[in-house]
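> Here you go, one structure.
Read-outs: derived from the displayed coordinates by stated rules, not from any lab. Values in this document were obtained by computation on a predicted structure and should not be read as measured data. Every residue, glycine as well, gets a Cβ built from its backbone with ideal geometry; the counts of neighbours run over all protein chains shown.
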Amino acid sequence: MKIRVLGSAAGGGFPQWNCNCLNCDGVRKGTIQAVSRTQSSIAVSDDGVDWLLVNASPDVLMQIRANPVLQPARAVRDTGIAAVLLMDAQIDHVTGLLMLRERGSPLPLYATQEVLADLSQALPLTRVLGHYCGVDARPLALDGAALSIAPLRDTSLLPIPLLSKAPPYSSHREDPHPGDNIGLMLHDAASGARVFYAPGLGHMTDAVEEAMRQADVLLVDGTCWSDDEMITLGLSKKTTHMMGHLPQSGPGGMIEVLDRMPARRKILIHINNSNPILREDSRERAELAAHGIEVAFDGMEIDL
């Protein structure tokens, strides 16, 4: 199993287009030790030629250009993206679907019933794509059974429901349903290795705890350093928990969670532009390193 991190930032990317916080202003001017990042997405492959795209970021065209493995050029029109799987219906994870509209056949799209409903009604991307390539919708069941998805031959996937809200535009925003947000366990039958991917993790449950303990590699929510980060910087009136994410620091935070996990690699992804861990020489980045925690970057490769 090969995993390529296409985008490692949270919604808005880094720098965010309208933000002039220390991080965004500094990376634009080159005055801080940091690199820009696109919005979060990964690609998974068994053979390095055909890939499952996990989340379709608004930055997908930029990500394809930055990752030539996604364009094998076997024909005049070609793509290495064989199918797409969505973790939720958030804008920063789904609007890239529109950029794939020139595909020559219906796009295989794996998502829960809740996500597919939001994308056919509240944010009707699947209906729009029906006027172009079309969508071959394939609902993901949350029955505890792993499934196989072409083009992956040796890798099985187990969707795990997470406690989280649907997007603001969903008809049930204030009535969370199982399936609004999922984590994903990827199991490579050839090596026996497991990867748990959850870019939007706001609450620990018994099922999530068990999955994380089984994983050899954890690729999980790194949105904010502290719960009041966005409020302190004057960027929002919402805490990290209110936005549906687990902060890294503080009691019950992601550092504390990862410290009790036996995984050989622990990696944070979906990093908000406000997070001080984006600065490679920051105290917070050094603290992560002391705990054996890595920070994902665009182009990061994980081979198992």
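> So for Val220, Val208, fewest C-beta neighbours within 10 Å to most, what's the order?
So the residues, fewest neighbours to most, are Val208, Val220.
> Treat the count of other C-beta atoms within 10 Å as a stand-in for reagent exposure and order Arg173, Arg153 from fewest to most.
The fewest-first ordering by Cβ neighbours comes to Arg153, Arg173.
> For n ≥ 4 DSSP H runs only, could you compute -39500 (n - 2.57) per run for the chain, divide by its residues and tell me the 222 nm figure to the nearest 500?
Dividing the helical sum by the residues of the chain leaves -4500 deg cm²/dmol.
> Hand me the trypsin sites (Lys or Arg not before Pro) from region 206-262 located in a DSSP loop with no more than 11 other Cβ atoms within 10 Å, in residue order please.
Answer by residue number: Lys237, Arg260.
> Which of the chymotrypsin sites (Phe, Trp or Tyr not before Pro) found in region 45-150 are in a DSSP loop and have at most 16 neighbouring Cβ atoms, other than their own, within 10 Å?
Tyr132
> Identify all lysines with a Cα-Cα distance to Lys266 below 17 Å; exclude those on the same chain that are fewer than 8 residues away in sequence.
Lys2
> For a footprinting-style exposure proxy, rank Phe14, Phe297 by other Cβ within 10 Å, fewest first.
Phe297, Phe14
> Report the longest stretch of the chain that contains none of the GluC sites (Glu not before Pro) sitting in a DSSP loop with at most 16 other Cβ atoms within 10 Å.
175-279
> Would you be so kind as to identify which of Met254, Ala9, Ala146 lies farthest towards the positive end of the dipole of the chain, taking Lys and Arg as +1 and Asp and Glu as -1 on Cβ and the Cα centre as origin?
Ala9
> Using a Cα-Cα cut-off of under 17 Å, which lysines could be cross-linked to Lys238, ignoring same-chain neighbours fewer than 8 residues away?
Cα-Cα hits under 17 Å: Lys165.
> Ok, one more. So if I take the centroid of the Cα atoms in region 39-94 and the same for region 228-304, what is the distance between those two points in Å?
Centre-to-centre (Cα) distance: 24 Å.
> Something else: Hey, of (1) 40, 22, 19; (2) 51, 19, 16; (3) 28, 22, 21, which did the structure itself give for semi-axes √(5λ) of the Cα gyration tensor in Å when calculated?
Read-out from the structure maps to (3).
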